[in-house]
1. Which residue pairs have Cβ atoms closer than 7 Å, lie 6 or more positions apart in sequence or on different chains, and pair a first residue in the stretch 32-59 that is in contact (Cβ under 8 Å) with a residue 40 or more places away in the chain and within 16 Å of GLU71 (Cβ to Cβ) with a second residue that is surrounded by 13 or more Cβ atoms within 10 Å (Cβ to Cβ) and of a type in the set (D, E, K, R)?
2. Hey, does the stretch 155-177 have a residue that's among the aliphatic types (A, V, I, L, M), under 19 Å from ARG125 (Cβ atoms) and in contact with a Pro (Cβ under 9 Å, 6 or more places away or on another chain)?
3. Taking only pairs six or more apart or across chains, which ones have beta-carbon atoms under 7 Å, a first residue in the stretch 63-91 that is open to solvent by less than 30 Å² (accessible area, probe 1.4 Å) and outside any helix (DSSP H, G or I), and a second residue that is modelled with pLDDT of 85 or more and of a type in the set (Ser, Thr, Tyr)?
4. So, in the stretch 105-120, how many residues would count as being surrounded by 19 or more Cβ atoms within 10 Å (Cβ to Cβ) and within 11 Å of GLU165 (Cα to Cα)?
5. Listed residues GLU175, GLU203; which is surrounded by 14 or more Cβ atoms within 10 Å (Cβ to Cβ) and at pLDDT 80 or above?
6. Scan (1) modelled with pLDDT of 90 or more; (2) surrounded by fewer than 16 Cβ atoms within 10 Å (Cβ to Cβ) for the single condition ALA37 breaks and write down its number.
7. Suppose we keep only residues that are small (Gly, Ala, Ser) and open to solvent by 30 Å² or more (accessible area, probe 1.4 Å) within the stretch 92-104. Which one would you say is modelled with the highest pLDDT?
8. Can you tell me which residue among ARG141, ARG148, ARG117 is touching a helix residue (DSSP H, G or I) at 6+ places or on another chain (Cβ under 8 Å) and not β-branched (Val, Ile, Thr)?
Amino acid sequence: MNSEVIFYQKVNERRVNFSEVGRAGFNARAVLYINAACSYAKVLNIPDLPFEPVQLSDGDDAIQEALFKLEGFMDKVKAENLFDLEPNLREASVYLDQEWKSHATTLVSHIREVVTRATMADDLREPILRSLNQLQSEIDRNRTRLERVSDAWLQITSAIGNGAENLEPAVKLIERLSKAMGKAKRHEIEAEKHPQLPPPPDELKDEQ
């Protein structure tokens with residue numbers, strides 16, 4: 001567990017929300033929260049805090065400004081350590097290196113082409129395209145949530161059930177992508193940390 005994770009966890013125990021502004025004792029709780037963050041940052045060697053310790057005598061504006069800066073800093077720390085702070089997200093996602101991202105992106109592009117050409121009403125096509133856009137956004141991240149593949153599959157199969165035609169190739173492609181992601185996840189679990197992934201499997205490579 002790195003120092004930023006410890007910092008976030010300890011400071012979060014004292015968290016004071018902006019929704020409490022105006023309530024009795026708000027300033028006192030905010031001062032304790034801000035100053036606790038400064039103390040933990042010093043002990044844990046967390047650099048570049050965008051705020052300094054405050055006192056009750058500094059007044060409402062100074063306290064709220066420091067609190068705003070602290071909240072922004074906390075959001076940044078959480079985003080940079082998200083999978084350590086919320087391990088369930090790691091279990092439901094997989095790390096893809098650049099080669100895997102390239103192959104997966106090509107496969108999503110082929111799926112999108114099939115969906116665009118398929119015969120169906122716009123109210124069936126648009127949810128599929130949105131789900132593919134969300135899937136591509138996930139692939140572009142450091143870690144890809146596996147649920148996005150399932151979401152796209154569900155949208156495609158639902159459209160078929162509602163009368164869409166010529167979508168069967170898209171089903172086969174999304175199933176190949178799902179199978180490839182599953183292989184990557186199993187490899188990651190076996191390695192117990194971010195590994196150098198093996199070459200992308202045939203589920204991805206054949207579509208280049």
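The values are calculated or read from the model by the stated rules, or taken from the named source; none is laboratory data. Just so you know, these numbers come straight off a predicted model, no measurement behind them. Note that we place each Cβ from the backbone using ideal geometry, even for glycine, and neighbour counts take in every protein chain shown. Protein only, heavy atoms only, side chains kept; ligands, DNA and RNA dropped before computing areas. Shrake-Rupley method; radii C 1.70, N 1.55, O 1.52, S 1.80 Å.
1. ILE46/GLU4
2. Looking through the stretch 155-177, at least one residue is among the aliphatic types (A, V, I, L, M), under 19 Å from ARG125 (Cβ atoms) and in contact with a Pro (Cβ under 9 Å, 6 or more places away or on another chain).
3. ASN81/TYR8
4. 3
5. Numbers: GLU203 fails: at pLDDT 80 or above.
Residue meeting the stated conditions: GLU175.
6. Here ALA37 meets the rest and fails (2).
7. Taking the stretch 92-104 first, the residues small (Gly, Ala, Ser) are 92-93, 102, 104.
Among the residues that remain, those that are also open to solvent by 30 Å² or more (accessible area, probe 1.4 Å) are: 92, 102.
On the way: ALA92: 76, SER102: 93.
Per the criteria, the residue is SER102.
8. Values: ARG141 fails: touching a helix residue (DSSP H, G or I) at 6+ places or on another chain (Cβ under 8 Å); ARG117 fails: touching a helix residue (DSSP H, G or I) at 6+ places or on another chain (Cβ under 8 Å).
The unique qualifying residue is ARG148.
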